[in-house]
Amino acid sequence: MVNEQAQPVLEIWGGNSLKGEVTISGAKNSALVLMAGSLLCPEDCRLRNVPDLVDINKMSQILTALGVKLTKNGHTLDIDARDINPTKAPYDIVSKLRASFFAIGALLARFGNVRIPLPGGCAIGARPVDLHVRGLQAMGAQVIIESGIVHANVTGSDRRLQGANIYLDYPSVGATETLLMAATLAKGETVIENAAQEPEIVDLANFCIAMGAKISGAGTNKIIISGVERLHSVDYRVIPDRIEAGTFLVAGAITQSEISIFPVIPEHLIPVIAKLKAIGCQVIAEDSDRLRLIPGALKATDIETLPYPGFPTDMQAQFMALLSVSEGYSVISETVFENRLRHVAELQRMGADIRLKGHHAMINGVPFLSGAPVMATDLRASAALVLAGLAAQGKTIVRGLHHLDRGYENIESKLVKLGANIKRV
Ligand code: EPZ
């Protein structure tokens, strides 16, 4: 447990309106998996627009422990995964960074054996990896899990995975990514049915295709991969972070401010834009990669989180803060994770009128929230508390910044630039 007293906190004085434009960083959930994907390649890879985040640094430590040579210049990462040992993933870091587990697919595809710690559960749920494991077994891997470590290897003379037809019981983002990476170097064809369709899957597929992989259907629920012998160098730019973009759109809505966000890919934000409009805001495309939020009187709406292209679970907490001050009665249903409503108690501390019933939150909009000392419980919950603090009357102290820094690059300096009264003390 982190000793909260000694840790920095965010001090927010609510009520300021915001204005101007905020620069959106590269997508955390794409950059992390592309770093794992670079393990497929025995030549130099270059990743651009990599956000500067705690999780990225942790992933870099894991790759380095595997023997990867990494050079970071600002937001550009040069990766040399020529000589690596696939059994050296460090237990303490991998068990805290779920995305690093996805490397199992790349390591198994390239080396035929891998030892990697199970990712731990976290605040939002148990986070099992059964879909990853079952898919790899379908491709010919033997998988043994003991004392928190996953040992996987491919028998047979050439120790190569075999393409397979895999149906995912749930369109898991991570399982789709693990199996897509594994299939790029497997013998023959792999079909992933009921695949996840998130933009980060498409980014991973485009990255692998740029390295010479043969993949079609990424972004749909059926992905077909024809294995190749070897992949080659790539210089690739990570897509903008749609969740950071959505978070800043909500910052505009909750403070009733007109702000712009750039760069973005508007089609990645369709469910978020649809809900902002339902709540009473306008979202205008100023050009192909710039959006402008025009606030309006906030009114209640219902939200159910679903796999893409449904409403993203990673935006649920942020909309909970917004709906807390939207007139009327809203219902939010969290269907993706079993324990991702822990920010409700903290928002209640700020005066939000929310009742929990199972995985539903019933929200009665109140005219305003009041600043209070609150504790972040997970990454997106911490973002929600910052948003609530921006709109609340008085001072909010947000503790648990180690969650926030995992997924948002310099969030307070970006907010100060927009005119927010927020500082890290
Ligand atoms: C990715 O996690 C993201 N993380 C999460 O973002 C995001 O919330 C999630 O996808 C859903 O969009 C990264 O990309 C690093 P899942 P992932 O596998 O891959 C169950 C953030 O805030 N499941 O789609 O772990 C699982 O328990 C983070 O940036 C199994 O049962 O999500 C969950 O209930 C949080 N067995 C559901 O599927 C499995 O083998 C969705 O999980 C795998 C998953």
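The values are calculated or read from the model by the stated rules, or taken from the named source; none is laboratory data. This one's a predicted model, so the numbers in the text were calculated from it and none came from an experiment. Don't worry about glycine lacking a Cβ; one is built from the backbone with ideal geometry, like all the others, and counts go over all protein chains shown.
Show the residue pairs meeting these rules: Cβ distance below 7 Å; 6+ apart or different chains; first residue within segment 236-265 and at positive phi and more than 16 Å from the ligand (Cβ to nearest atom); second residue at pLDDT 95 or above and not hydroxyl-bearing (Ser, Thr, Tyr).
Listed pairs, sorted by first residue: Gln256/Pro295.
Whether any residue in segment 258-270 is more than 30 Å from Gly74 (Cβ to Cβ), of a type in the set (A, V, I, L, M, F, W, C) and crowded, with 21+ Cβ neighbours inside 10 Å is what I want to check.
No, segment 258-270 has no match at all.
Exactly one of these conditions fails for Ile422: (1) assigned to a strand (DSSP E or B); (2) without any contact (Cβ under 8 Å) to a residue 60 or more places away in the chain; (3) over 20 Å from Leu298 (Cα atoms); (4) not polar (S, T, N, Q). Give me its number.
Single failed check for Ile422: (2).
Among all residue pairs at least 6 apart or on different chains, which show Cβ distances below 7 Å where the first residue, located in segment 303-326, is more than 21 Å from Thr255 (Cβ to Cβ) and of a type in the set (S, T, N, Q) and the second is part of a helix (DSSP H, G or I) and modelled with pLDDT of 95 or more?
Correct list of pairs: Thr305/Thr313; Thr305/Gln316.
Among the residues of segment 47-82, what is the count of those that are assigned to a loop (DSSP other than H, G, I, E, B), away from the ligand (no atom under 16 Å from the Cβ) and of a type in the set (A, V, I, L, M)?
3
I'm checking my understanding of the structure. Among residues of segment 1-47 that are closer than 25 Å to Asn85 by Cα and of a type in the set (D, E, K, R), which one is surrounded by the fewest Cβ atoms within 10 Å (Cβ to Cβ)?
Glu43
Determine if segment 383-397 includes at least one residue that is over 21 Å from Thr255 (Cβ atoms) and either among the acidic types (Asp, Glu) or within 16 Å of the ligand (Cβ to nearest atom) (or both).
no
How many residues does segment 134-176 hold that are β-branched (Val, Ile, Thr), away from the ligand (no atom under 16 Å from the Cβ) and without any contact (Cβ under 8 Å) to a residue 40 or more places away in the chain?
Number satisfying all stated conditions: 2.
Does segment 126-133 contain any residue that is free of Cβ contacts under 8 Å to residues at least 24 places away in the same chain, in contact with a strand residue (DSSP E or B) (Cβ under 8 Å, 6 or more places away or on another chain), surrounded by 17 or more Cβ atoms within 10 Å (Cβ to Cβ) and not hydroxyl-bearing (Ser, Thr, Tyr)?
yes
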